[in-house]
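> The structure follows.
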Amino acid sequence: MRNQLFLFVLLLTLSSFAQPFVLPKLPYAYSDYAPNIDAQTMEIHLTKHHQAYVNNLNKAIKGTMLEGRSLEEILLFITPVVSDAVRNNAGGHYNHSLFWEILAPKSRQGACGSSLNQAIVIDFGNMDSLKKQMFSAAMSRFGSGWAWLMVTPSGSLKVISTPNQDNALMGLCEDRGIPVLGIDVWEHAYYLNYQNRRADYLTAVWDLVDWSKVSEKYDAAKSNTSLLSRLKSVKKNKKKGK
Ligand code: MN
């Protein structure tokens, strides 16, 4: 009883100090991603598009039970009955934060770690086949969305694509998992330099992928057994409910 009371007071205290979400900093200068992605696209993408997702997410959760929760908790909570404002902006904030993390100029990139390398060989055969699947997911996404490499609840790697700002952590995503690499295929990610040439943009952005960062994310996802089992159990419950 005393423990429960303590927990209640602790949660109350934490929620009253809830900090709004903030825009992350890019690890490199805007111009460092050129010529693959030009400085102006990087700046507008971060300071206008991503900033808008952050602002609108803070607005959408203010005064609700989601305020003060981690971004991951909010995403797991998203079902079809949750407002589009929360869905789109929580997704937008998470997806872009991950995107900035895994991109680096060529000279600053590290190599793919051995655990991820091995998993790619097991699940795709080789890096080239993975690339082909990612490009096909990105090219066949009609309109706006993302192509993803993720760790599934059973621990294997899988390529999927999602519409708009959805991702595989969301409770409403059919194919669930922990994203480790995401490619933004919204036109705002490439229109200034590539206009309608999504394939050219994909080739350019693929060269910016820092595989050492993707490896870090892969290792973290694989060892996050509590999150993986949560993603698995939700899927099971869904099937039972049908
Ligand atoms: Mn974007």
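Bear in mind these aren't lab numbers, they're just calculated from the coordinates by the rules spelled out. Just so you know, these numbers come straight off a predicted model, no measurement behind them. Backbone-built Cβ (ideal geometry, glycine too); neighbour counts: all protein chains shown.
> As I understand it, the value is the acute angle between the Cα axis of helix 84-102 and the longest principal axis of the Cα atoms of the chain; what does it come to in degrees, rounded to 10?
The helix 84-102 is inclined about 50 degrees to the chain.
> In this model, which of Lys158/Lys222; Lys158/Lys232; Lys25/Lys158; Lys106/Lys217; Lys158/Lys213; Lys62/Lys232 are farther than 24 Å apart at the alpha-carbon?
Among Lys158/Lys222; Lys158/Lys232; Lys25/Lys158; Lys106/Lys217; Lys158/Lys213; Lys62/Lys232, the Cα-Cα distance tops 24 Å for Lys25/Lys158; Lys62/Lys232.
> Next question. Note the per residue figure in Å³ for the convex hull of the C-alpha positions in segment 121-226.
Hull volume normalised by residue count: 100 Å³.
> Choose one answer from Asn126, Asn164, Asn88: the residue with the largest mean-square fluctuation in a GNM of the chain with alpha-carbon springs under 10 Å.
Asn126
> Using the Kirkwood radius over C-alpha pairs as Rh, can you work out the diffusion coefficient of segment 100-162 via Stokes-Einstein at 37 °C, viscosity 0.692 mPa s, in µm² per second?
252
> Where is the GNM fluctuation largest for the chain (alpha-carbon springs, 10 angstrom cutoff): Val82, Val151, Val209?
Top of the fluctuation ranking is Val82.
> Give, in nm to one decimal, the length gained when the segment between Arg197 and Ser233 is fully stretched (0.36 nm per residue of separation minus the Cα-Cα distance).
8.9 nm
> Please give the charge dipole size of the chain, origin at the Cα centre, charges +1 on K and R Cβ atoms and -1 on D and E Cβ atoms. Round to the nearest 20 debye.
With only Lys, Arg, Asp and Glu charged at Cβ, the dipole is about 1000 debye.
> Taking the Cα atoms only, what angle lies between the long axis of helix 211-223 and the longest principal axis of the chain, rounded to 10 degrees?
Around 30 degrees separate the two axes.
> Restricting to DSSP loop positions (anything but H, G, I, E, B) with no more than 11 other Cβ atoms inside 10 Å of their own Cβ, which chymotrypsin sites (Phe, Trp or Tyr not before Pro) remain in segment 117-166?
For chymotrypsin sites (Phe, Trp or Tyr not before Pro) across segment 117-166 that sit outside H, G, I, E and B with at most 11 neighbouring Cβ atoms in 10 Å, the list reads Phe142.
> Kindly write out, for segment 104-116 in residue order, the coupling ³J(HN,Hα) from the Karplus curve 6.51 cos²θ - 1.76 cosθ + 1.60 (θ = phi - 60°), rounded to whole Hz, with x marking Gly and Pro.
Listing the rounded values in order: 7, x, 3, 5, 9, 7, x, 7, 5, x, 5, 5, 5 Hz.
> Give me Leu228, Leu172 sorted ascending by neighbouring Cβ count inside 10 Å, so fewest comes first.
Taking fewest neighbouring Cβ atoms as first place, the list is Leu172, Leu228.
> Still on this structure, please answer the following. Tell me, what is a quarter of the convex hull surface for the C-alpha atoms of the chain, in nm² with one decimal?
Computing the convex hull of the Cα atoms and averaging its projections yields 14.8 nm².
> Continuing with the same structure: On the first, second and third principal axes, largest extent first, how far apart are the outermost C-alpha atoms of segment 64-192 in Å?
Reported extents, whole Å, longest axis first: 45, 40, 29.
> May I ask you to compute the full-extension gain from Ser114 to Thr64, defined as 0.36 nm times their residue separation minus their alpha-carbon distance, rounded to one decimal in nm?
Extra length from Ser114 to Thr64 when fully extended: 13.7 nm.
> Helix 127-140 sits at what angle to the longest principal axis of the chain, using alpha carbons and giving 0 to 90 degrees rounded to 10?
With rounding to tens, the tilt is 80 degrees.
> Another question, if that's okay. Express the relative contact order of the chain as a whole percentage, based on alpha carbon pairs under 8 Å and six or more residues apart in sequence.
About 22 percent, as a whole number.
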